1. Find the centroid of the Cα atoms in the range B:111-173 and in the range D:68-139, then give the distance between the two in whole Å.
2. List the relative contact order of chain A as a percent without decimals, with contacts defined as Cα pairs under 8 Å and 6+ residues apart.
3. Checking the a/c ratio against 1.5 first, then a/b against b/c, what shape does the Cα gyration tensor give for the range D:1-141?
4. Taking a label point 7 Å from Cα toward Cβ, how far is D:K175 from its twins in the other copies, in nm, shortest first?
5. Which number gives the lysine pairs in the range B:118-216 that have C-alpha atoms under 24 Å apart and are eight or more places apart or on different chains?
6. Helix F:107-124: angle to the longest alpha-carbon principal axis of chain F, degrees 0 to 90, nearest 10?
7. For the range F:22-92, what is the Kirkwood hydrodynamic radius in Å, using each pair of distinct C-alpha atoms?
8. Name the most mobile residue of E:G81, E:G150, E:G51, meaning the one with the largest mean-square fluctuation, in a Gaussian network model of chain E with Cα contacts below 10 Å.
There are 6 protein chains.
Amino acid sequence: MKSLIENIDLLLEKPSELMNPANNKHCLANLSSPQVADYLKKDQRIILPIGSTEQHGPVPITGIDHISATGIAYAVSQLTGVLCAPPLNYGMAMHHLGFPGTMALRPTTYINLICDLVSSLKRHGFRQLVIINGHGGNKGPFLNALAERGDEFADMDFSFINWWVMPGLEKNIIKKYFAEKEGYHATPTEVSVAMALVPGSMVMPASYKCPQQEVSNENVGWVIPAKFREYYPDGVMRADFSLSTEAIGREALKQSILEICELLA
Amino acid sequence: MKSLIENIDLLLEKPSELMNPANNKHCLANLSSPQVADYLKKDQRIILPIGSTEQHGPVPITGIDHISATGIAYAVSQLTGVLCAPPLNYGMAMHHLGFPGTMALRPTTYINLICDLVSSLKRHGFRQLVIINGHGGNKGPFLNALAERGDEFADMDFSFINWWVMPGLEKNIIKKYFAEKEGYHATPTEVSVAMALVPGSMVMPASYKCPQQEVSNENVGWVIPAKFREYYPDGVMRADFSLSTEAIGREALKQSILEICELLA
Amino acid sequence: MKSLIENIDLLLEKPSELMNPANNKHCLANLSSPQVADYLKKDQRIILPIGSTEQHGPVPITGIDHISATGIAYAVSQLTGVLCAPPLNYGMAMHHLGFPGTMALRPTTYINLICDLVSSLKRHGFRQLVIINGHGGNKGPFLNALAERGDEFADMDFSFINWWVMPGLEKNIIKKYFAEKEGYHATPTEVSVAMALVPGSMVMPASYKCPQQEVSNENVGWVIPAKFREYYPDGVMRADFSLSTEAIGREALKQSILEICELLA
Amino acid sequence: MKSLIENIDLLLEKPSELMNPANNKHCLANLSSPQVADYLKKDQRIILPIGSTEQHGPVPITGIDHISATGIAYAVSQLTGVLCAPPLNYGMAMHHLGFPGTMALRPTTYINLICDLVSSLKRHGFRQLVIINGHGGNKGPFLNALAERGDEFADMDFSFINWWVMPGLEKNIIKKYFAEKEGYHATPTEVSVAMALVPGSMVMPASYKCPQQEVSNENVGWVIPAKFREYYPDGVMRADFSLSTEAIGREALKQSILEICELLA
Amino acid sequence: MKSLIENIDLLLEKPSELMNPANNKHCLANLSSPQVADYLKKDQRIILPIGSTEQHGPVPITGIDHISATGIAYAVSQLTGVLCAPPLNYGMAMHHLGFPGTMALRPTTYINLICDLVSSLKRHGFRQLVIINGHGGNKGPFLNALAERGDEFADMDFSFINWWVMPGLEKNIIKKYFAEKEGYHATPTEVSVAMALVPGSMVMPASYKCPQQEVSNENVGWVIPAKFREYYPDGVMRADFSLSTEAIGREALKQSILEICELLA
Amino acid sequence: MKSLIENIDLLLEKPSELMNPANNKHCLANLSSPQVADYLKKDQRIILPIGSTEQHGPVPITGIDHISATGIAYAVSQLTGVLCAPPLNYGMAMHHLGFPGTMALRPTTYINLICDLVSSLKRHGFRQLVIINGHGGNKGPFLNALAERGDEFADMDFSFINWWVMPGLEKNIIKKYFAEKEGYHATPTEVSVAMALVPGSMVMPASYKCPQQEVSNENVGWVIPAKFREYYPDGVMRADFSLSTEAIGREALKQSILEICELLA
């Protein structure tokens, strides 16, 4: 295990380099068609980073979800040798459309989009799809896409990984640094990761108080798309992003990359 | 509060009567169009019971999800006077199609179906839709339907209630009787409720051991539709339905109905 | 034949009990998945009650079409032993949307919905689908669903039964009691049946005169959805529902149930 | 009325000329855009001939349904001055696909197609659409298209005319010449009309016996698409097309054109 | 080759006769289903004329695109004996909807429509589809239809022929008579052909100056549907239709028919 | 103009840096929602790079089309200050699916995807969309998306730029270095650009001869998706990619970036 950690440390010396696909020999985009065919003879796995382009409140940037998924996926790909497909930078984020900068796909569009990508991969012989997801709202429609054409994809395996849902990350980062201030959208964990991957893109305020409504029971008054802005006036869901730092972002990247690599081992 | 509990007890003297729409004066189906118009002048809420018709393992019946949603919705309707729309007996259950008796809608079909029902209700002036849901798999596509046409439904409120996700029910029923044997599909709580609503429909075995695979991390090897039967060979998801009894079912009904009525108060 | 009539009489002693699925041992919803599999070894038929939730003029209730289809289907199921799927309470009723209480599906939604249900049944081995329909407007889109995926359903038989289109019913009920006052929507026959199935839900006026426009030729000025309310100001199509009685409803139920049972014999 | 009959006689001296759009000054296709705009200032009606391309049994030709609709529509257009849109030569004929030469649209395709054409016409200011239909199977999906977008088309009038459903035609042609041998598909009336419009295209056999199954009740064993060929082995539905003649075709054309013109008067 | 030219000359003695399907023995519409089956035993090719109904500026008629495709397809069919399907008179012409008389299909409608027609033909055994197209805007969505269901149509050949894109026509007609005044929409070549096929339908002005905007680079300010009328105020795209004559139309017809026949030889 | 060229030269000192979104201050993804709102107050333009992931023959890499579009778009964005949306890395490439590594969207999926992205941008107030496209096959479905919802997008301007279709590039690069060896897919121009942006990803063979079929007339035997591999056995369309060099790639980048910047000036 030591060697893996050392390699992660090496990669994270300059995290912003992770965002450059030109640096990654394991990007499907950087292989020729015959090279992909060669890869398939010995490995049928492929990583697909999926994210979103959507508002993250008053300070964090709109690209967080695809930036985090892409950076982590490229790192995992380089460390494990599993091929990585190009990132899908847009996702199901209709509930964020009330805020400038959000670019969202309707659920039915997203379902068809995922069906087409999975169908392409299956045709070539890929048999395990490792989805590295950066946006919670993608999970429902992604799984719906698999349900929509259940029989067609019956001979494939799918690992749907929300990068921030990892036991170690939960314990060593979220619980340790943010605890109940983590919240659900524009969380300090994801914001920190984006600060590490795009240094200089954000300057956190000294403090922040999230103005959301009180919600007594999650079953009632459930947040639907058109009500999002009413419930969460500045776009943040019970998270204190002001706690984010680039240093924690590097730690979180290391932890999540490590755990995902172990899952793929 | 006493009066409400008394009324619930009265209703639950013969729970199977709850399943008969002919007994319920607050069913939209039992009103004429002008009577609906009159109701709308003083109340703009409506309850919609949604369920599914799907396998629940070797013994529990296929109708559990719409039976439970319908029985609870009819009771809540009678107790609160909030109008109840006819139950939607079919849901998004593609992952159960490998087992006989399952009748499932594709996610895109379900999205369009919900859009049409909500659009109809909005047109007449309903402004709060209280969804009483009996099938976990409906939540994703239902919320996606609201996202699909976010702007159109912006002036409506939605309460999406999974009847089994209630603090009191969790504490007084699930934790008390089943704890870690509750599981995720064909749970003793939902089976008990169906036993109370359709007496005599099921005879529980003396004991049961769920044959599902070990899954170490929920993010990896995630259960997708076409793999469901492989992961859960008999259709049950880590639940011990053999603990179900009609008596617990009545208790659970009482608890869930009570909590939902309080939410609507 | 005598025995069948006796059995029908028995069932009709308390017609409202027919509406309760908990009373019906032949509901698919009340069987477990293995029980459905057992049934399929000896019988590949299944009944599907389809209806609608829509206005029926100033007095008759909105649920008539699914109430009648459900009551008749449950009775036929109990009398013949043919399994009965859960009722589909919503139908293609866009032309009634101008009146409060109508909940309608678009034709394309309905087509996809029916395709999914039939596809589910086919997968399990059902080979004859007996549709018991309570709403004239469903027939077109239902048959279109079968056309939409003609090849997929080629090895199944379909019996599409409008319960009110039966030679005996025509002669012994419609011609006898209502003749030219039967009309096309909110007819005294269907209203009577609903009065029998949901006793006390309607009080008929002493007399009624339908205010519809004169239409000289059915080919011209054809009624399209958006014009429905203009042509039929109170939602009734040339029918005198005031002639409806609970007693005639029981007779009509008996007659229709008898004829459908004979067809399935 | 005399003058109209004389004009029809004149047109029918050489019926095959009716099929040539180049002969018809009232074809929308033969007008420039500004000429259409001028027409709309004084008349907002437009005729749309819709047909099908489908098998009609062992001898009659595949184009009958669009040939008859087109010929009649062009004649009515010339006689009344109402503009005529180009014929839609393809229709919803999935149930005929088992026979060579049939070219069929799925119901959902047809619904979208009609929506687009009606939407185009509405945009320019047309307010009454007179559909002259040559194929029974089109009626369901055409009306469904109007239901699909009910609100959008609410300010338009629609006259859906099956050209063969006219009181005079029924009495003077069908009852007189064919009676119970008329049948439902490849009827001698429609075949005769096509013989008049495309002289020399068919040579009728001396006699013909339709080999279709006995069907005791139209509600059971209903003909669905994939079963069509099984029920009607040679594609004919209880019709004796061998009775068709060019002379009767001219009579039928005259009668139908006359009655439709009177409806538009 | 001489004989072919002589035959073309014969056909073009009265070009308007080309528009009448009743004159064409090789129309699929004029054959019975068994005759189509016989044809398929020796030839698996079929011609499909596709056009549009859309504005062509201040003088040329709206039907030009389907008139030209139909006339040429019927001629080629008669000369080569290749069967000709009924013309599709409507196309993807959304960008012309701002002008009266245009009847346009959305791209997704058009894609589904073409898929259904090709699927029908494939089912019967046709293996080469010769599309004779009269409207530039159809090419994109037609090829997209083939992409949409690539695998299904993999064993068919497609020849997509824009009738005005022929080397001989380019040299002998366009370059010779119109050169840079040909333009892109309402071109003198297509207008001339329509004048020959529908004599008397248009009277050209003595001269015409196209009022379109200057566009420096085709990549910028690209014409999208909703901007069409802004860029091309009178609907003409850099073409001088006033140069059109019936005589040139006959020449162009001859040239295009000849070249297409040679391609099919 | 000199300053712009100097700036381009500066950017191209290390072209692979262009691929890193972390380096680009004008990426929408690197701005917060309020920063996007601020931008919109002074500029309503946005660049959208669209590409594809598809085979490019035996040696060139699969990502060429999105790599080239992204690199050029990021450069133009940095040079002009126009905001750049995240790249769309997948496109309409169904005809390349026969070769490993291709990931393609169906035309209808692509149309809906583009509609959603454009609709999102319009909602926020963007009024000019500058599409920088790297894949010829995207143009048809992209424009179809704009046609699909013509009215909705009527108040936006669109510049659809195929980066390789620029007068200066044509003259100074294509004509000069490759002339008739440029071809249509896996062209030496696009391959050279990708070599410059992803150094070391490809090693060109000493020479190459494209094995494609002879095609005498582009109208006949047109290449449809399912036939692509038959017509172009190694995936290359009449192009000699072996002429590609990193140095020419830098020249081509400079030329194309320059011309696009001038267009946006």
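1. If you average the Cα positions of each part, the centres end up 40 Å apart.
2. Once normalised by length, the contact order is 23 percent.
3. oblate
4. Its label point is 1.9, 7.0, 8.1, 8.1, 8.9 nm from the equivalent points in the other copies.
5. So the count works out to 8.
6. Rounded to the nearest ten degrees, it is 20.
7. Values: mean 1/r = 0.0769 Å⁻¹.
One over the average 1/r among Cα pairs gives 13.0 Å for the range F:22-92.
8. E:G150
The values are calculated or read from the model by the stated rules, or taken from the named source; none is laboratory data. What you see is a predicted model, and the numbers here were worked out from it, not measured in a lab. Here the Cβ is made from the backbone with ideal geometry for all residues, glycine too, and neighbour counts use every protein chain on show. Accessible surface areas use protein heavy atoms only, side chains included; no ligands, DNA or RNA. Shrake-Rupley method; radii C 1.70, N 1.55, O 1.52, S 1.80 Å.
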